[in-house]
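The values are calculated or read from the model by the stated rules, or taken from the named source; none is laboratory data. Here the structure is a predicted model, which is why all the values come from computation and not from measurement. For neighbour counting, all protein chains shown are included, and Cβ atoms are generated from backbone atoms with ideal geometry for every residue, glycine included.
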Amino acid sequence: MPTEDNQIDMPRGIAGLVVDLQPVFLEIVHEPETFALNCRFLIESLNLFQIPLFFTEQVPAKLGHTEDKFLSLAPNAPIFKKETFSALGANGLLDAFADNGIEHLLLAGVETPICVYLTALEALSADLEVTILTDCVTCRRHSDGEWVLRKLAAAGCHLLPVESVLYGILRGANHPHFRAFTKLVNNRTAR
């Protein structure tokens, strides 16, 4: 909603956390092309809504860095290296959330039953709200991910597809970014 001085009032306290989009993992997950398109849509949308975005990388010295096609969409997003399976074990990540007033994570990445699962549980323990973007997480064995998502829902995470969350941020067709967002939605479905 526009404010009195015509600024767009964007949601505060929300950030995207994208876990381990490294080629070594992207090559082995279930439906990698669809997953990549969904992550691209997420990153482009977060940019449009000016919602902070954070990347993590699992032991990048050994496993490589985040796929360039994602980094190029958000060249200023900070990248946190980690050796733990939970992204919150990355040095400085929790501090970055605190410094930016982040209270709610929109969680995406790989793998659902390992790093996404442990990140979500640790975030809940750190009193952060967590929404797992169900079409922006994946793993090698699809059924493993389904069971883990059920467990995370029972633990208190919100589970929603990315479009549901983003349309919730828009709230209505009178939002100043509605047309630009609709273009992103149409580009996603046309691919």
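Quick one: which strands (runs of 3 or more DSSP E) sit completely within region 103-170 and have at least 3 residues that are under 18 Å from residue 56 (Cβ atoms) and touching a residue at least 60 places away in the same chain (Cβ under 8 Å)?
104-110, 129-138
So which residues in region 20-33 are assigned to a helix (DSSP H, G or I) and free of Cβ contacts under 8 Å to residues at least 24 places away in the same chain?
33
Among the numbered criteria (1) over 25 Å from residue 188 (Cβ atoms); (2) at pLDDT below 95; (3) surrounded by fewer than 14 Cβ atoms within 10 Å (Cβ to Cβ), which one does residue 92 miss?
Here residue 92 clears every test but (2).
Filtering region 56-92 down to residues that are free of Cβ contacts under 8 Å to residues at least 40 places away in the same chain, part of a helix (DSSP H, G or I) and in contact with a strand residue (DSSP E or B) (Cβ under 6 Å, 6 or more places away or on another chain), which residue is nearest to residue 120 (Cα to Cα)?
Restricting to residues being free of Cβ contacts under 8 Å to residues at least 40 places away in the same chain, part of a helix (DSSP H, G or I) and in contact with a strand residue (DSSP E or B) (Cβ under 6 Å, 6 or more places away or on another chain), the top hit is 89.
Could you say whether any residue in region 34-52 is part of a helix (DSSP H, G or I), crowded, with 21+ Cβ neighbours inside 10 Å and touching a Pro at 6+ places or on another chain (Cβ under 9 Å)?
yes
Taking residue 180, is it hydrophobic (A, V, I, L, M, F, W, C), farther than 14 Å from residue 107 by Cα, at pLDDT 90 or above and part of a helix (DSSP H, G or I)?
no
Going by what's in this entry, would residue 77 be described as over 15 Å from the mean Cα position of the chain (by Cα) and over 22 Å from residue 27 (Cα atoms)?
So residue 77 fails the test.
Take residue 133 and tell me if it is closer than 24 Å to residue 47 by Cα and not acidic (Asp, Glu).
Spelling it out, residue 133 is indeed closer than 24 Å to residue 47 by Cα and not acidic (Asp, Glu).
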